[in-house]
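Below: the structure, in structure tokens.
Read the figures in this text as sums done on the coordinates, not as results from a lab. Since we're looking at a predicted model, the values are computed, not measured. Using ideal geometry, Cβ is built from the backbone for each residue, glycine included, and neighbour counts are taken over all protein chains shown.
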Amino acid sequence: MKKATSNIKNPLPLSSRLIAWTNRGFVHFTLLILGLVWLTPSLGLLITSLRSRADIAQSGWWMSIFEWNFNIQNYVEVLNNSDLPPPGFKENFINSIIITVPSTIIPIFFAALTAYAIVFTKLRIRNFLYLLIIALMVVPLQVTWFPVLGMYKAFDITGSWFGIWIAHSAYGSCFAVFLLRNFFIGIPEEIIESAKLDCNNHFQIFTRIVLPLSLPAIASLAIFQFVWVWNDIMNAVVFLQNPEKYPLTVGVQRLLSHYQNEWHLLAAGAWLTMLVPLIIFFALQRYFIRGVTAGAVKG
């Protein structure tokens, strides 16, 4: 007993402690530098969006850290830009919400059903279906626009909200199935078999067991899909073809062409575009790493 106690009290040698501290310190220092380099442009954009035009003309954004002369007038002016032809920036913001929310929920739901069928059912074509989905991931979106627009014209859904929801959902489904399938493989089969013995059907197993266990992967996928749709401009222009329904990305482009050198207004518009994805990411960040790593290491 004394021997065990003495071993516990003996610390690591000084050389080992110095090496461990140096390794940790180097890693932390490197991560800190990378984080500062990565955040500096966004920080400069944020500070510029809170400064007046006169302040921007007098000094760089880094000098305003010491002056602390900030206001939100630029954001108010951008959201109420009455001098721009309709729709305004506020309407573009609302359009982005209308486009992005359903275009995130729809593909995740159907991709989860597809991934469940591939992993937990005995379909003979499930492996072929999965390989087909993987193959479709490498097809460039641009080559699909012409035939898809032909189908949209035939069904008369070009320029509708339903049409852009279907387009984003279809384009995002392959990656969604890939990620969720890799996560579902990690769910023990014993749990599924026990649920079947309890007379649960596939839909009950999917909603009561698989979905709750897959929350990290679903949250990660929601971040990816939401940010991709929110930042999209080409699909919106191609499939909506209606300026009244264009999203925020088109609104920023209109701000750039209209204001040109009004950097304070352009910075405010850019930050309004970044704000919602940042909120979504920080709200779901605790699931993000778990979902991505789990989906990446399971085969």
Sole residue being more than 20 Å from residue 222 (Cα to Cα), out of contact with any helix residue (DSSP H, G or I) (no Cβ under 7 Å at 6 or more places or on another chain) and surrounded by 13 or more Cβ atoms within 10 Å (Cβ to Cβ), chosen from 158, 144: 144
I'd like to know if the range 252-265 contains one or more residues that are buried (at least 16 other Cβ atoms within 10 Å of the Cβ), closer than 30 Å to residue 285 by Cβ and within 22 Å of the chain's Cα centre (by Cα). yes
So in the range 199-216, with the set limited to residues that are polar (S, T, N, Q) and part of a helix (DSSP H, G or I), which one is nearest to residue 108 (Cα to Cα)? 207
Inspect the range 155-173 for any residue being of a type outside the set (D, E, K, R), assigned to a helix (DSSP H, G or I), farther than 17 Å from residue 102 by Cα and under 28 Å from the mean Cα position of the chain (by Cα) and give the result as yes or no. no
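Condition check ((1) part of a helix (DSSP H, G or I); (2) in contact (Cβ under 8 Å) with a residue 40 or more places away in the chain) across all residues:
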{"position": "186", "(1), (2)": "no, yes"}
{"position": "190", "(1), (2)": "yes, no"}
{"position": "226", "(1), (2)": "yes, yes"}
{"position": "250", "(1), (2)": "yes, yes"}
{"position": "254", "(1), (2)": "yes, yes"}
{"position": "272", "(1), (2)": "yes, yes"}
{"position": "280", "(1), (2)": "yes, yes"}
Among the candidates 106, 72, single out the residue that is more than 26 Å from the chain's Cα centre (by Cα) and closer than 26 Å to residue 247 by Cβ. 72
If the requirement is being assigned to a helix (DSSP H, G or I) and closer than 24 Å to residue 226 by Cα, which of these qualifies: 148, 119, 139? 148
So residue 231 clears everything in (1) surrounded by 20 or more Cβ atoms within 10 Å (Cβ to Cβ); (2) farther than 21 Å from residue 110 by Cβ except one condition, right? Which one? (1)
Being within 12 Å of residue 112 (Cα to Cα) and of a type in the set (A, V, I, L, M, F, W, C) is the filter; apply it to the range 178-209 and report the residue that is nearest to the chain's Cα centre (by Cα). 179
